[in-house]
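The structure appears below as structure tokens.
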Amino acid sequence: MNQAWVLLTYRARRDPSRHRVAVWRQLKAAGALYLQDSVCALPNRDEHRALFERLAAEILDNDGTAVVLVAQGIDEHTERSIEDRFNAERGHDYAEITEQCEALLEEFRRETGRSRFSFAALEDTESNLDRLRRWLERVARRDFFDAPDGTHARDAIARCEAAYETFSGMVLEHGEDGAAAMTTDTTVDS
């Protein structure tokens, strides 16, 4: 193991709250783990140190306090605990993506069952699929330790992509009005 960590410990001004919220959002977007109140950790990488240095400067400019530290040589148990906490957070993110994929697959099934093969329905489902893909990409960038739930989310996206391909073929087959008669093999598999 022997992972090096970059830590940001800070105290942001309470008022106005927008400064505190802006810091919190940037930390969450980067995948930082709160070890305790106002103490965040990320794997020690150039981009993470740069982020913490920039945030520390912002906090200091807004009358707060901030210190950036690099920690190494943490015992194996503590290091494993930190990595497990990172994976648990990413696991929650991946579970949400998987849940949303299941909802999209249900939407494909519903549209197919109603024989609603319109281009509007196709555009709507395509937009939802694109949103899920972008979400997965953002989470994957924050997945520093290959959280096991990532595989489930990637598989769910793949199922949605396959269902989309099937559904788009049906829309093209049935045309804009979606009123053409369905054949018996037009169900969308999940």
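Please name whichever of Phe108, Ile82, Tyr10 sits farthest to the positive end of the charge dipole of the chain, dipole taken about the Cα centre and charges placed at Cβ: Lys and Arg +1, Asp and Glu -1.
Checked the options; the winner is Tyr10.
Could you work out how far apart the two model spin labels at Arg25 and Arg138 are, taking each label as a point 7 Å from the Cα in the direction of the beta carbon, and quote it in nm?
1.1
What residue among Ala71, Ala56, Ala41 shows peak mean-square fluctuation when the chain is described by a Gaussian network model with Cα springs under 10 Å?
Comparing Ala71, Ala56, Ala41 in the GNM, the peak value goes to Ala71.
Taking every pair of alpha-carbon atoms in the chain, give the share separated by more than 31 Å as a whole percent.
39
Want the number for Asn62 to Ala158: 0.36 nm per residue separation, take away the alpha-carbon distance, what's left?
Full-extension gain reported as 30.1 nm.
Taking the Cβ-Cβ separation of Glu165 and Ala95 as r and a Förster radius of 22 Å, what is the calculated FRET efficiency to the nearest 0.05?
For Glu165 and Ala95, the calculated efficiency is 0.30.
Can you give the angle from 0 to 90° between the axis of helix 46-61 and the longest principal axis of the chain, with both taken from C-alpha atoms, to the nearest 10?
On a 0 to 90 degree scale, this one is about 70.
Among Pro43, Pro148, Pro16, which one shows the highest mean-square fluctuation when the chain is modelled as a Gaussian network with alpha-carbon springs under 10 Å?
Pro16
At a 1.4 Å probe, what is the % contribution of carbon and sulfur to the accessible area of the chain?
47
The values are calculated or read from the model by the stated rules, or taken from the named source; none is laboratory data. This structure is a prediction, so every number in the text was calculated from the model and none was measured. Neighbour counts run over all protein chains shown; Cβ positions are idealised from the backbone, glycine included. Keep in mind that these areas ignore ligands, DNA and RNA; they rest on the heavy atoms of the full protein, side chains included. Shrake-Rupley method; radii C 1.70, N 1.55, O 1.52, S 1.80 Å.
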